[in-house]
Each structure stands twice: as C-alpha cells, then as structure tokens.
Amino acid sequence: MSVDNLLDSALVRLDEAASHLKIDPDVIERLKYPRETTKVRLMIRMDDGSRKSFLAWRCRYDDTRGPTKGGIRYHPDANADEAETLAFWMTFKCAVMNLPFGGGKGAVQVDPRKLSKAELERLSRAYIQAFARMIGPDRDIPAPDVYTNSMIMGWMADEYAQIIGQPAPAVITGKPVTLGGSLGRNDATARGGYYLVRHLASELGLNGSMRIVIQGFGNAGQHIASLFAADGHKIVAVSDSGGAVVAADGLDLDLLLKAKAEGLSVASTAGQANHELLKAEAVIGVDCDLLVPAALENMIHEGNADSIRARLVLELANGPITPEADKILASKQVVVLPDILANAGGVTVSYFEWVQNRQGYYWSLEEIHDRLRATMEREGRAIWNIAREKQLTVRSAAYVQALSRIAESIEAHGTQAFFTS
Ligand code: NAD
C-alpha cells in the first residue's frame, strides 16, 4: 500500500473498532477528518549563501481529550497524508494510555543528512517561527520522531521562548535533560515495549530465552536490543536502511552499537565476529520468537507477511503492518502487539516530562521507570483482557479501548439523541 492512502488505511481500524461498540454517529463524524492541518514553506539561508525552501506541516487531529501531542519528523518522503495519519494514531495512542492529550504530528520534507549542523538548527528554528501560534503548552506539544532528536527539541524550545519572551519548557518534550527534559525519555519507547512483553510473556508462552529480530536500528531499535540482551535474550538479526546482518547464535551487540555510533550501517559489521550479511528486506523472514519492526510504515505488507516466522510482533514503529498483512498474520496465529500500545512508552514519558515542566519538580530515573512500567502493565493488561473477552486481535482491542474513551469524551458534549429528545 502506498503512503498516499495511509490515512484511508488507518481509518479502516476506526470503522472496525466502531463495529464493536455502541457509539453516537457524532463520534465517527468527528474522528474521520483532522481538525486542523497547516502547510508552510520554510525558507532558510544555506551555508553557501543561497536560500532554500522546505515544505513543512503540522496537524492537530483531535483535541477532545486535551492538548494535541505528537512528534516532528524530518524525512525526504514526508507529506501531509503521512502527518495526518501519524496524528490520527497519536489520538488513539494517547487514549490507549489514558493520557490527557489529543493527537498531533509535524513533518518537514528534508533529508537532514544533507544539511550542515548550522543549517539543521536554522531549519528547526524556522519550523517554530512558522508554527508558534499553532503550538503551545496548553494547545499542541511537539516531540522528536524519525531523524529528529533532543538537541533539535532544545533549539525549538529556545526559539519558542524567544518568540513569547519567556521560557516555556512544557511546549516541547524530548528536550535535553539539562534544558528541562525528563530522565528516561531517551529509551522510553523501547522500554515501554520491553515492559509490555515482559508483563505478558507467560500469556504469550514466551518464558525462556527468546531469539529476537529487529528491523530498523535507530533510537527505538538500538534501545530494545540493549534491554532484551541485558536479560539474556539473543538478537539474531538486525537491519537498517543500509542493509542487515544475521547470526543464528546471536549477534555481537557491542559491535553493532559501535558501528551505529560511528555513523555506519549495521551491514558494515558483516564478516566480523559471526555476523553474516543479509538483504535488509530479508530480515523479517529470519526464524525467531519475537520480531520488532522499528523502522518506518508499511514495511510488512501483503507481499512479505507470509514469510514471517516469529510468534510475536512488537510494533515499535508506527504503522509497520498494513491491514492486509495484519489479516495474514492473524491467520498464521502470530500475535501482534500494536503500535498504539507497544510504542506508547515514548509519549507516556513525554507526558511525564510535560507534568514535571508544569509543576517545576523533577522525578528520579527510578520514579520514571516505575511509573512507566505501572502504566504499560495497567493499560496492556486491560487491552489483553478485552482481546480475550471479545475474541479480538490485540490491535482491535486497543482501538476498541481507545475509541470508547474518546467517544465518552465526545458524547459528554451531548449526542444527536440528546439534542433531538
Ligand atoms: P530513527 O530515525 O532513530 O531510526 C529509524 C531506523 O530505521 C534507522 O536505523 C534507519 O536506518 C532504519 N530504516 C529506514 N529505512 C529502513 C529500511 N527500509 N529497512 C530497514 N531499516 C530502515 O527513528 P526512531 O525514533 O527509532 O523511530 C523508528 C520508528 O519508531 C518510527 O516509526 C517512529 O515513528 C516510531 N516511534 C519512535 C518513537 C521515539 O520515541 N523515538 C516513539 C514512538 C514511535
């Protein structure tokens, strides 16, 4: 499925969840479309003196449950449809975790690897100049996503502070700790998924040492590898945009992390230790217990889903499995822990960061981990139980849970039945 119709394919999940609930038609009418999407052209001065423009978007999908929340992605293929779809998913993800947020998302169409550091800073500040009136600690709160990081969030928070004339750290999460960021934000997405798998392991029949395959070896992929490896599980294959490596008796994680720290692909480790080269696309077919997609959308589709040999898939990436592939996996009895639950650790610790910024009182790393673990276990267990009771996939159960919470908030303003009675 092409990225052009990503929102349509996401809305299939909305209709499916609605079919399991009694909800007012107002709810679907409200959730079918994003509330607000703004497109701008950012103009920046390049190092060689020329001017260059970049397309950028910010979408606030729905704010019924609170200010919108969602990352900013820098990617050459970024587009409005993708930003709106990611904002839709954020709406559901925040509701799944019962956070007091709606969903938003932002993007810039750029390959950040082709910019100098100074150009990257100018672009990031230009994004905030363009969207300063749309964002705000009580309105819309950005965060990092693909190819954006804590330093970029720091520049953005600083630009916002200059525009409004005072520091407002709660406007953006994922900042460096020294600039009001939260301890534990860096590995929060992976850690949330890790806590979830650990909590449900016995229900999933995964009590012993697991063989794990990871697709995408950036922030989420590297951290999940480290967390599971520390518990004695084996990482048997990993990929990134430059290729993949495989080793049936376990890859050397230090070697992989060193390659990434030097800006190299994991494929550069082939031939060292026991690492064998593999095509990036082949990684999902490697025999394992747990497959972790941690790259981009639509990587598992009708054409390759049947090759999956894992028993469990943990979606750290957003939207890595198309609806068609979902059906194939369900028929193969592969359990999928869906993105809106599996990778919600990131937005949960972002919420903790926002709370700490607003209260001006900061928690220890241990407190963050305890609160994250408790939230993942509470919401993960609730969804697991819905799946069992209603005989649904975990994804459908997560959408049912989120939709019933959002519907309750929308219906609290009055329904068609209320206004016509
Ligand atoms: P990142 O930019 O740090 O890493 C992305 C990785 O994917 C890189 O290693 C890249 O090489 C790899 N990749 C790109 N194309 C690939 C391909 N065709 N095959 C294999 N690998 C490929 O990004 P990230 O922050 O780790 O995010 C990864 C996914 O997780 C995204 O879908 C993102 O939306 C999602 N996510 C991230 C967070 C977070 O806090 N970082 C939170 C929620 C969801």
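When you count the other C-beta atoms within 10 angstrom of each residue and take the mean per peptide, 85-98, 56-69 line up highest first as 85-98, 56-69. Rolling a 1.4 Å probe over the protein heavy atoms leaves Lys258 with an accessible area of roughly 120 Å².
Where does each of 385-398, 345-358 land if you order them by average Cβ count within 10 Å, highest first?
Values: 385-398: 18.0, 345-358: 24.1.
Ranking, from highest mean packing down: 345-358, 385-398.
Taking θ as phi - 60° and the Karplus parameters 6.51, -1.76 and 1.60, the scalar couplings of segment 296-305 work out to 10, 6, 6, 6, 10, 9, 3, x, 10, 4 Hz in sequence order, x denoting glycine and proline. Straight-line cross-link reach from Lys32 at under 19 Å between alpha-carbon atoms covers these lysines, not counting any fewer than eight positions away in the same chain: Lys22, Lys69, Lys93, Lys105. The amide H of Tyr61, built 1.01 Å from its N in the peptide plane, has Arg35, Gly103, Gly104, Lys105 as neighbours under 5 Å, considering only residues 5 or more places off or on other chains. Within a straight-line Cα-Cα reach of under 28 Å, Lys279 can be paired with the following lysines, leaving aside sequence neighbours fewer than 8 residues apart in one chain: Lys114, Lys234, Lys258, Lys260, Lys327, Lys332. Taking the chain as a Gaussian network of alpha-carbon nodes connected by springs under 10 Å, the highest mean-square fluctuation of the residues Gly250, Gly303, Gly106 belongs to Gly303. As a ratio to 2.2 N^0.38 Å, the alpha-carbon radius of gyration for segment 343-398 is 1.41. Helical runs assigned H by DSSP (4 residues or longer) give the chain a calculated mean residue ellipticity at 222 nm of -13500 deg cm²/dmol, each run adding -39500 (n - 2.57) before division by the residue total.
Along segment 176-192 the Karplus relation, 6.51 cos²θ - 1.76 cosθ + 1.60 evaluated at θ = phi - 60°, assigns HN-Hα couplings of x, 4, 5, 10, x, x, 8, 4, x, 6, 4, 9, 4, 5, 5, 5, x Hz to successive residues, with x for each Gly and Pro.
Taking the Cα atoms of segment 1-56, the ratio Rg/Rh between the radius of gyration and the Kirkwood radius comes to 1.28. Relative to one another, the C-alpha centroids of segment 355-421 and segment 28-68 are positioned 26 Å apart.
Taking amide hydrogens as placed 1.01 Å from N in the peptide plane, the amide H of Ala78 sits under 5 Å from those of Val110, each at least 5 positions away in sequence or on another chain. For segment 153-196, averaging the sequence separation of C-alpha pairs within contact (under 8 Å, six or more residues apart) and dividing by the residue count gives a relative contact order of 29 percent.
Between Leu120, Leu55, Leu264, the GNM of the chain built on Cα springs shorter than 10 angstrom shows Leu264 fluctuating the most.
3J(HN,Hα) couplings calculated from phi for segment 37-54 with the Karplus curve 6.51 cos²θ - 1.76 cosθ + 1.60 (θ = phi - 60°) are, in sequence order, 10, 10, 10, 9, 10, 8, 10, 10, 7, 7, 4, 8, x, 7, 9, 9, 10, 10 Hz; Gly and Pro show x. For the chain, the alpha-carbon radius of gyration amounts to 0.96 times the rule-of-thumb value 2.2 N^0.38 Å expected for a compact globular protein. Scaled against the 2.2 N^0.38 Å expected of a compact globular protein of N residues, the Cα radius of gyration of segment 187-329 reads 0.96. Taking amide H as placed 1.01 Å from N in the peptide plane, the amide H of Val238 sits under 5 Å from that of Ile214, Val245, each at least 5 places away or on another chain. Please list, in order, the residues from segment 68-83 whose amide nitrogen is less than 11 Å from a point placed 7 Å along the Cα→Cβ vector of Lys114. Under 11 Å, as judged by backbone N against the label point of Lys114, lie 76-77 of segment 68-83. Take every Cα pair under 8 Å whose residues are at least 6 apart in sequence, average their separation, divide by the length of segment 56-174, and the relative contact order is 30 percent. For the chain, the relative contact order is 17 percent, taking Cα pairs closer than 8 Å that sit 6 or more residues apart in sequence and dividing their mean separation by the residue count.
The values are calculated or read from the model by the stated rules, or taken from the named source; none is laboratory data. On a predicted model such as this, the values are computed, not experimentally measured, just so you know. Backbone-built Cβ (ideal geometry, glycine too); neighbour counts: all protein chains shown. Heads up: the accessible areas ignore ligands, DNA and RNA and are worked out on the full protein's heavy atoms, side chains in. Shrake-Rupley method; radii C 1.70, N 1.55, O 1.52, S 1.80 Å.
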